[in-house]
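Presented below is the structure to which this report refers.
The values are calculated or read from the model by the stated rules, or taken from the named source; none is laboratory data. This is a predicted model, so every value here is computed, not measured. Neighbour counts run over all protein chains shown; Cβ positions are idealised from the backbone, glycine included. Heads up: the accessible areas ignore ligands, DNA and RNA and are worked out on the full protein's heavy atoms, side chains in. Shrake-Rupley method; radii C 1.70, N 1.55, O 1.52, S 1.80 Å.
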Amino acid sequence: RRAGLGRAGRCRPEPRPGSSIRGSSSSGSSAAPLRPGGRRQRGPNTRGASAGGMGLEPLFQAWSYFRRRKFRECADLCSQLLERPPSEQGLDSEYTVFQAAWSLKTRALTEMVYVDEIDMDQEGIAEMILDENAIAQVARPGTSLKLPGTSQGGGPSPAVRPVTQSGRPITGFVRPSTQSGRPSTVEQAIRTPRTALTARPITSASGGYVRLGTASMLTNPDGPFINLSRLNLAKYAQKPKLAKALFEYIFHHENDVKNALDLAALATEHAQFKDWWWKVQIGKCYYRLGLYREAEKQFKSALKQQDMVDTFLYLAKVYLRLDQPVTAVNLFKQGLDRFPGEVTLICGIARIYEEMNNISSAAEYYKDVLKQDNTHVEAIACIGSNHFYSDQPEIALRFYRRLLQMGVYNCQLFNNLGLCCFYAQQYDMTLSSFERALFLAENEEETADVWYNLGHVAVGIGDLNLAYQCFKLTLVNNNNYAEAYNNLAVLEMRKGHVEQARALLQTASSLAPHMYEPHFNFALLSEKVGDLQRSYTAAQKSEEAFPGHVDTQQLLKQLKEHFAML
């Protein structure tokens, strides 16, 4: 008979393929047979049996920590192994224990600060304003993200669906690329719009990535784990298994793109330019350095050797940064020919169509995403917001309820549920949803959004005093809320307070020049009090923000007739 598994045997994790675990060096990690006298046999090697109090060999214990994403414990245990004298570092078939611990600690430190490059795409002010990669100054309609067309796909107009400062409709899901558009002036770029909760970094290279680099310095209080300036990159490039872990450490943890690029170039040369992985890494370095055409060549070369979904996504990022959305869409479609039904590729096409203001095509592709993955939060949220702004609140309510059933439980969801219930005339659920949203709000901007929507509900039921208080509470939480200033001005006009209304409208139009409502209201108010010149200027700005607004066109026509009579 064999005894049952001991304590260490029960909690031993399954080894990954390729990580051989030999019985001679890991006694205590599994149960040994009992002698007739009941005593447990000792294995031939008991070194490391007490590591971590679990009877595991230290290196295997560190690997277990790594697989359970306990990266701090993994790095500490590897540090203890690296501090051992060389006589205790046994030889393995391929690597010494020292090399294995070094590689594992490198990977653990990288994972602690790892950010997926595919989703980390935020253009800084310098990249937008000082962009030298412009293909054409005046692009054809429907071929540029800088000048999106007005409702190309028959979607709702800006009169129904609010837009960002670049003229794109506000999406149903916040992503780095949706938080702001491409502003036309430096002043507009620096100004923080309501839809972006934080101001833009000066550049993406010195903004997000440097913050990640400084955070990673905290991982080693005694100084950097690897001194890059003294590193012989050519030597490591000849050891592919160590080189890949070292590259990711330099690129993600140390944020030293130049040294990472040098290592990748030497490694791909050692691999005789046949390893697609190194070509992708060189492309990532070129992209981070702003050399988009060189990055494009590397990604294309990698795709010739090996079809990978990530490579398609990286190459599409390059085309989007070069303002070639049509090329990016065609690339995604090529990827779908090779990877049919791949959700990330379909979602990429939907995002591009949404950014180009082609809402109906975006909705179709989001539906295709849900056919492959019916729990995709972004697709459900975007389809729900599209139905809401298309005057179908009952259908939007079903999509938001689906998100609630999936476990999404935040302020934004209950805010949207409250609005859908109100416009679907399910008044019993409206206020309770908004109360829950206020309870779940994590910052003042979210609280301001809820109070603003409550103000709309109050206007809808005719309680103007409640609406006035709600819009005031909106401004208490967020003093840059242009829509609240505009709606307060309308309420002041109804009370007959003309000067207060004009001051509020001027504030709203300066905070959000991309909105047409403050400009039009200011033009209408100025025309009533006889200030025709200011009225004409504001009406022109309103027409520029929303060319299809009929009331603005009628007001401009009246003003031109007045000026002709003078």
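So, of the residues in segment 364-399 that are crowded, with 21+ Cβ neighbours inside 10 Å and aromatic (Phe, Trp, Tyr), which turns out to be farthest from Leu417 (Cα to Cα)?
Tyr365
Tyr409 passes all but one of (1) exposed (fewer than 15 other Cβ atoms within 10 Å of the Cβ); (2) part of a helix (DSSP H, G or I); which number fails?
(2)
How many residues are assigned to a loop (DSSP other than H, G, I, E, B) and open to solvent by 40 Å² or more (accessible area, probe 1.4 Å) when one looks only at segment 317-362?
3
Hey, could you check segment 459-482 for residues that are of a type in the set (Gly, Ala, Ser), modelled with pLDDT under 95 and assigned to a helix (DSSP H, G or I) and say which is least open to solvent (accessible area, probe 1.4 Å)? Lay out the reasoning, then the answer.
Quick first cut of segment 459-482, residues of a type in the set (Gly, Ala, Ser) only: 460, 462, 467, 482.
Filter again for modelled with pLDDT under 95, leaving 460, 462, 482.
From the residues that got through so far, the ones that are assigned to a helix (DSSP H, G or I) too are 460, 482.
On the way: Gly460: 55, Ala482: 4 Å².
Going through the qualifying residues, I end up with Ala482.
If I filter segment 438-452 for residues that are open to solvent by less than 60 Å² (accessible area, probe 1.4 Å), within 30 Å of Ser535 (Cβ to Cβ) and without any contact (Cβ under 8 Å) to a residue 40 or more places away in the chain, do I get at least one hit?
Yes, segment 438-452 contains a residue that is open to solvent by less than 60 Å² (accessible area, probe 1.4 Å), within 30 Å of Ser535 (Cβ to Cβ) and without any contact (Cβ under 8 Å) to a residue 40 or more places away in the chain.
For Asp428, work out the one condition from (1) out of contact with any Pro (no Cβ under 6 Å at 6 or more places or on another chain); (2) open to solvent by less than 60 Å² (accessible area, probe 1.4 Å); (3) at pLDDT below 95 it doesn't fulfil.
Asp428 satisfies all of (1) out of contact with any Pro (no Cβ under 6 Å at 6 or more places or on another chain); (2) open to solvent by less than 60 Å² (accessible area, probe 1.4 Å); (3) at pLDDT below 95 except (2).
Any residue at all in segment 247-257 that's over 30 Å from Arg72 (Cα atoms) and modelled with pLDDT of 90 or more?
No, segment 247-257 contains no residue that is over 30 Å from Arg72 (Cα atoms) and modelled with pLDDT of 90 or more.
Does Leu404 meet the test of being open to solvent by less than 60 Å² (accessible area, probe 1.4 Å), among the aliphatic types (A, V, I, L, M) and in the same structural domain as Leu438 (by the TED database)?
The answer is no for Leu404.
Suppose the filter is open to solvent by less than 20 Å² (accessible area, probe 1.4 Å) and among the aromatic types (Phe, Trp, Tyr); does Phe273 pass it?
no
Please state which one of His519, His562, His514 is touching a strand residue (DSSP E or B) at 6+ places or on another chain (Cβ under 8 Å) and either in contact (Cβ under 8 Å) with a residue 12 or more places away in the chain or not in a helix (DSSP H, G or I) (or both).
It is His514.
For Asn374, all conditions in the list (1) modelled with pLDDT of 95 or more; (2) within 22 Å of the chain's Cα centre (by Cα) hold save one; what is the number of the exception?
(1)
I'm told Phe434 meets every condition in (1) within 29 Å of Asn374 (Cα to Cα); (2) of a type outside the set (Ser, Thr, Tyr); (3) open to solvent by 10 Å² or more (accessible area, probe 1.4 Å); (4) in a helix (DSSP H, G or I) except one. Can you identify the failing condition by its number?
Phe434 satisfies every listed condition except (3).
State the number of residues belonging to segment 380-396 that are in a helix (DSSP H, G or I) and over 25 Å from the mean Cα position of the chain (by Cα).
Residues that pass the stated criteria total 3.
Using the structure shown, decide if Tyr409 is over 30 Å from Val529 (Cα atoms), free of Cβ contacts under 8 Å to residues at least 40 places away in the same chain and touching a Pro at 6+ places or on another chain (Cβ under 9 Å).
It is false that Tyr409 is over 30 Å from Val529 (Cα atoms), free of Cβ contacts under 8 Å to residues at least 40 places away in the same chain and touching a Pro at 6+ places or on another chain (Cβ under 9 Å).
Mind listing just one residue for me: the one in segment 289-316 that is in contact (Cβ under 8 Å) with a residue 60 or more places away in the chain and under 19 Å from Val369 (Cβ atoms) and, of those, most open to solvent (accessible area, probe 1.4 Å)?
Asp310
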